[in-house]
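Reading through the structure tokens given below for one structure.
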Amino acid sequence: MIALLLNLALAVWLFVSAYLLPHSAATSWNSMIVAVLVAAVALLAFSSPGRPGIRWINAVLAVWLFVAALVMPHVSLGTSLHDVGVSVALAALSLIPPARWLAHWKEEHTGHAPPAGA
């Protein structure tokens, strides 16, 4: 749940930053599109605990955002560094296995559910 909220927070911030920070038209659209896709993937990954691989799509989106921050024309260096920072945060979040998936995996492989508090 925490990973979902962090992904959604990053997606909202990335979308809003397209309006608040000085972007070129191309990088503004890129930020908005990536933000919407990150939010959609985060919600899909959360609703599918038996499919942990979905979160890797956000890793791919993070790599795209990182490359775009280096290659696309930016209005300011600060905005470019911002996009690099958001991409690193997204990539880090995609590497953390969600607790729901771990609980689902444990139940599937041991035959019983973890304790209620876990």
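Just a few scattered comments:
- Flag if ALA45 is in a loop (DSSP other than H, G, I, E, B), in contact with a helix residue (DSSP H, G or I) (Cβ under 7 Å, 6 or more places away or on another chain) and at pLDDT below 90: no
- Search result, residues across region 70-83 that are assigned to a helix (DSSP H, G or I) and exposed (fewer than 15 other Cβ atoms within 10 Å of the Cβ): LEU70, VAL71, LEU77, GLY78, LEU81
Table: residues versus (1) small (Gly, Ala, Ser); (2) out of contact with any helix residue (DSSP H, G or I) (no Cβ under 7 Å at 6 or more places or on another chain); (3) part of a helix (DSSP H, G or I); (4) surrounded by 13 or more Cβ atoms within 10 Å (Cβ to Cβ).
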| position | (1), (2), (3), (4) |
| --- | --- |
| ALA3 | yes, no, yes, yes |
| LEU10 | no, no, yes, yes |
| TYR19 | no, yes, yes, no |
| ILE57 | no, no, yes, yes |
| LEU65 | no, no, yes, yes |
| ALA68 | yes, no, yes, yes |
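- Candidates TRP101, TRP29: the one that is touching a His at 6+ places or on another chain (Cβ under 9 Å) and either assigned to a helix (DSSP H, G or I) or modelled with pLDDT under 90 (or both) is TRP29.
- Top-ranked residue of region 84-98 - restricted to ones that are modelled with pLDDT of 90 or more and of a type outside the set (Gly, Ala, Ser), ranked as surrounded by the most Cβ atoms within 10 Å (Cβ to Cβ): LEU90
- Listed by first and then second residue, the pairs with beta-carbon distance under 8 Å, at least 6 apart or on different chains, first residue in region 21-37 and closer than 21 Å to LEU77 by Cβ, second surrounded by fewer than 13 Cβ atoms within 10 Å (Cβ to Cβ) and hydroxyl-bearing (Ser, Thr, Tyr), are LEU21/SER76; PRO22/SER76; SER28/TYR19.
The values are calculated or read from the model by the stated rules, or taken from the named source; none is laboratory data. The model shown is predicted, which means the values in this text are computed figures rather than measured ones. Positions of Cβ are backbone-derived with ideal geometry, glycine not excepted, and every protein chain shown enters the neighbour counts.
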